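For reference, the structure discussed in these notes is given below.
The values are calculated or read from the model by the stated rules, or taken from the named source; none is laboratory data. The structure presented is a predicted model; accordingly, all values stated were derived computationally and were not measured. Using ideal geometry, Cβ is built from the backbone for each residue, glycine included, and neighbour counts are taken over all protein chains shown.
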Amino acid sequence: MRYIFFFLITILISSIHCTAQESQHVPTDNYGMVKTNIRVSYDYTNASISDHFNARLSYEFFKNKKFTLTANANYNSLQADLSIDDLPIGYDPNLMGMNKTHLYGQLGVSASFRSRLWGLPFMAFGTLSADWGDKRFQRVSGIAMGMFMLRANRNTQFGIGPLVLINSTTKIPAFIIFMYRHRFNDRIALNLYGGMFGFDYTPTKSDLITIGGDIDVRSFYFQPNHIDLPNRCRYTNTNFRPGIKYKRRLATNFYGEIQGGVILKMSSRVTGVTGTKRYFDIPMPTRPFIQIAFNYAL
């Protein structure tokens, strides 16, 4: 679900930038509103959950002045090597099928709508996705989001609105989100949105350096075959990642980036596939990480 949530935030920020400022050679918000976006990334950390590979594709197949429809696909692989000491007494990650390379993905469609409501610019977004993992279909989930733009000009954009999670394992299915962006000059900008923040520095039109942090969520499905657990379970690891990111335009419509920093655990839990009941937590130490990604945007 994190990829869909980030995709919606990307649409939001990119939509604002399209109307509030000129384009840049190295876009600051996941390469902006484009018809086709292909991204592959790999990150590594020396921990029990490591070696994460992600391939993501989005294709905008309908667009007019107010409405867009985009198809999305995600493929992931994630290595888990948990110790029996990491789990409560009576649970063995090897016997429960947790320790292996997990393959999982999503297929979905997203929609965005732009208009004015009560005299303010208003943007609405929604997505519906089907999750696949552990060699079978797992669940359908979605997000609905709205944003009132209280300020939107060339240098400053500020918005606030509700976000609702559909068929989620979180105990908080709805909350308020906000975004804020301020450009101090042509080279320095501040971004705050969706649990992420960063100072952007653009030394050249082909380079972008960001110092800040983001929220990273990764998960996998497994069948524990344990009397105290449901037939299908979902492990979710949520972290805050402060660090530094460098992006560079390598060729026309082709970008590379490298990111490094520290992973700080926010939550690490086992739940049912669609239920909100938390069965147990898994400890995760603070550790460094490095991520490399390539992006093609057309």
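Of all residues in region 271-286, how many are buried (at least 16 other Cβ atoms within 10 Å of the Cβ) and closer than 17 Å to Ala47 by Cβ?
2
Just give me the residues in region 102-145 being at pLDDT below 90 and on the phi > 0 side of the Ramachandran plot, in sequence order.
Within region 102-145, Trp118, Gly119 meet the criteria.
Run down Gly146, Gly126, Gly97 and say which single residue is more than 20 Å from Lys65 (Cβ to Cβ) and small (Gly, Ala, Ser).
None of the others qualify; the one that does is Gly97.
Select from region 267-298 the residues that are among the β-branched types (Val, Ile, Thr) and within 27 Å of Lys171 (Cβ to Cβ) and write down the one among them that is modelled with the lowest pLDDT.
Thr276
Select from region 246-279 the residues that are over 25 Å from Asp86 (Cβ atoms), β-branched (Val, Ile, Thr) and in contact with a Lys or Arg (Cβ under 8 Å, 6 or more places away or on another chain) and list them in ascending order.
Scanning region 246-279 gives a single hit, Ile258.
Please enumerate the residues belonging to region 195-217 that are closer than 25 Å to Gly161 by Cα and touching a Ser or Thr at 6+ places or on another chain (Cβ under 9 Å).
Within region 195-217, Gly198, Phe199, Asp200, Ile215, Asp216, Val217 meet the criteria.
Scan region 65-85 for residues that are more than 23 Å from Gly142 (Cα to Cα) and either of a type in the set (Asp, Glu) or in a loop (DSSP other than H, G, I, E, B) (or both) and jot them down.
Lys65, Asp81, Leu82, Ser83, Asp85
For region 187-214, how many residues are outside any strand (DSSP E or B) and of a type in the set (Gly, Ala, Ser)?
Of the residues in region 187-214, 3 are outside any strand (DSSP E or B) and of a type in the set (Gly, Ala, Ser).
Under the condition of being closer than 28 Å to Val40 by Cβ and buried (at least 18 other Cβ atoms within 10 Å of the Cβ), which residue from region 70-96 is farthest from the chain's Cα centre (by Cα)?
Leu82
I want to confirm something. Restricting to region 173-184 and keeping residues that are closer than 20 Å to Phe199 by Cα and surrounded by fewer than 18 Cβ atoms within 10 Å (Cβ to Cβ), which single residue is farthest from the chain's Cα centre (by Cα)?
Among those that are closer than 20 Å to Phe199 by Cα and surrounded by fewer than 18 Cβ atoms within 10 Å (Cβ to Cβ), it is Phe184.
Determine the pairs where a residue that is on the phi > 0 side of the Ramachandran plot, located within region 269-296, has a partner that is assigned to a strand (DSSP E or B) with Cβ atoms under 6 Å apart, the partner being 6 or more residues away or on another chain.
none
Inspect region 221-244 for any residue being in a strand (DSSP E or B) and surrounded by fewer than 16 Cβ atoms within 10 Å (Cβ to Cβ) and give the result as yes or no.
Yes, some residue in region 221-244 is in a strand (DSSP E or B) and surrounded by fewer than 16 Cβ atoms within 10 Å (Cβ to Cβ).
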